[in-house]
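Worksheet: the structure to be examined is printed underneath.
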Amino acid sequence: MDSDIRARALRLLARREHSRAELRRKLGPHVEEGADLEALLDDFTKRGWLSEERFVEQTVRAKARKFGPLKIAHHLREKGIDETG
């Protein structure tokens, strides 16, 4: 099972950057009893595969032409990124 969640997470991250909260939300319904999703997310962060900093940079770059700073900040909050972090 653990490898199923790991593979699913890697597929999601291969498509685009995700925030930790967004990845947790997407993987949550697929996690079986006793699996430690937080440990997997910690491992991905430690390995550099999951980076909120890269997620923010990618999001800002992609939306900067179309939206202003308030709209971008709102979008980031929706994805689990707080403004203090």
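The values are calculated or read from the model by the stated rules, or taken from the named source; none is laboratory data. The structure displayed is predicted, hence computed values, not measured ones. Backbone-built Cβ (ideal geometry, glycine too); neighbour counts: all protein chains shown. The protein model used for the area step is the full one, side chains on, heavy atoms only, and it has no ligands, DNA or RNA in it. Shrake-Rupley method; radii C 1.70, N 1.55, O 1.52, S 1.80 Å.
See the values below:
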{"item": "Cross-chain or 6+ apart pairs with Cβ under 9 Å, the range 3-24 first and touching a residue at least 24 places away in the same chain (Cβ under 8 Å), then among the hydroxyl-bearing types (Ser, Thr, Tyr) and open to solvent by 50 Å² or more (accessible area, probe 1.4 Å)", "result": "Arg20/Thr45"}
{"item": "Residue in the range 69-83 that is nearest to Arg24 (Cα to Cα), counting only those that are assigned to a helix (DSSP H, G or I) and open to solvent by less than 50 Å² (accessible area, probe 1.4 Å)", "result": "Leu76"}
{"item": "Leu40 vs. criteria of a type outside the set (D, E, K, R), part of a helix (DSSP H, G or I) and surrounded by 12 or more Cβ atoms within 10 Å (Cβ to Cβ)", "result": "yes"}
{"item": "Flag if Ala14 is open to solvent by 30 Å² or more (accessible area, probe 1.4 Å), farther than 25 Å from Glu83 by Cα, under 12 Å from the mean Cα position of the chain (by Cα) and aliphatic (A, V, I, L, M)", "result": "yes"}
{"item": "Hey, Glu52 in contact with a Ser or Thr (Cβ under 9 Å, 6 or more places away or on another chain), surrounded by 13 or more Cβ atoms within 10 Å (Cβ to Cβ) and among the acidic types (Asp, Glu) or not", "result": "yes"}
{"item": "Filter result for Lys66 (exposed (fewer than 15 other Cβ atoms within 10 Å of the Cβ) and either at pLDDT below 95 or more than 12 Å from the chain's Cα centre (by Cα) (or both))", "result": "yes"}
{"item": "Close pairs (9 angstrom Cβ cut-off, 6 or more residues apart or separate chains): closer than 20 Å to Arg16 by Cα in the range 56-72, open to solvent by 60 Å² or more (accessible area, probe 1.4 Å) and part of a loop (DSSP other than H, G, I, E, B) anywhere", "result": "Val56/Gly85; Gln58/Arg16"}
